[in-house]
Amino acid sequence: MGGKTLTRADLAEAVYRKVGLSRSESASLVEMIIDEICDAVVRGETVKLSSFATFQVRDKSERIGRNPKTGEEVPISPRRVMTFKASNVLKQKIADSHAKRADSAGD
């Protein structure tokens with residue numbers, strides 16, 4: 001699997017090319033969007049980007065875990081975790097892309 005990593009700079013460049021804002025305005029816009037998503041998640045809000053995904057913070061209660069190396073039981077403290085759930089549209093796009101690769105590999 002090792003493909004290219006999409007960065008903030010790549011997103012800003014795409015905005016620059018497709019929307020026509022200056023490079024600095026495009027970078028600023030990308031930063032504002034990312035900051036707004038982060039702030040909402042930190043506040044505990046659910047962030048739903050239609051046709052992409054839902055980001056949500058979940059509270060996990062304390063539980064007993066096991067050290068896989070020693071087998072010793074260890075308490076795992078309560079914590080908040082962020083979950084990412086891909087939309088059905090995104091899942092379908094990924095499945096379609098995988099099917100196309102499989103078809104072209106068989107040629």
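The values are calculated or read from the model by the stated rules, or taken from the named source; none is laboratory data. These numbers were taken from a predicted model, which means no experiment stands behind them. A quick note on method: Cβ atoms are made from the backbone with ideal geometry, for glycine too, and the neighbour counts reach across all protein chains shown. Side chains are part of the model used for accessible areas, which takes the heavy atoms of the whole protein and leaves out ligands, DNA and RNA. Shrake-Rupley method; radii C 1.70, N 1.55, O 1.52, S 1.80 Å.
Quick look at the numbers
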read-out: For residue 57, residues with placed amide H under 5 Å, excluding near neighbours; value: 83
read-out: Charge dipole (debye, nearest 20) of the chain; +1 at Cβ of Lys and Arg, -1 at Cβ of Asp and Glu; value: 260
read-out: Of all accessible heavy-atom area on the chain, the percent that carbon and sulfur account for (1.4 Å); value: 56
read-out: Gain on full stretching of the segment that runs from residue 92 to residue 40 - 0.36 nm per residue minus C-alpha separation; value: 16.0 nm
read-out: Per-q log10 I(q)/I(0), the stretch 28-70, q = 0.26, 0.31, 0.32 Å⁻¹ (Debye; single scatterer per alpha-carbon; no solvent); value: -0.95, -1.10, -1.12
read-out: Fraction of alpha-carbon pairs over 18 Å apart in the stretch 11-107 - percent; value: 71
read-out: Rounded accessible area per residue of the stretch 1-86, 1.4 Å, Å²; value: 80
read-out: Unsatisfied cross-links (Cα-Cα over 30 Å) in the set 18/91; 69/100; 18/48; 4/91; 69/93; 4/69; value: 69/100; 69/93; 4/69
read-out: Relative contact order [Cα under 8 Å, 6+ residues apart], the chain, whole percent; value: 17
read-out: Ranked by how many other beta carbons lie within 10 Å on average, peptides 6-19, 91-104, 64-77 from highest; value: 6-19, 91-104, 64-77
read-out: Residue-span extension gain [residue 62 to residue 84] - 0.36 nm each, minus C-alpha spacing; value: 5.8 nm
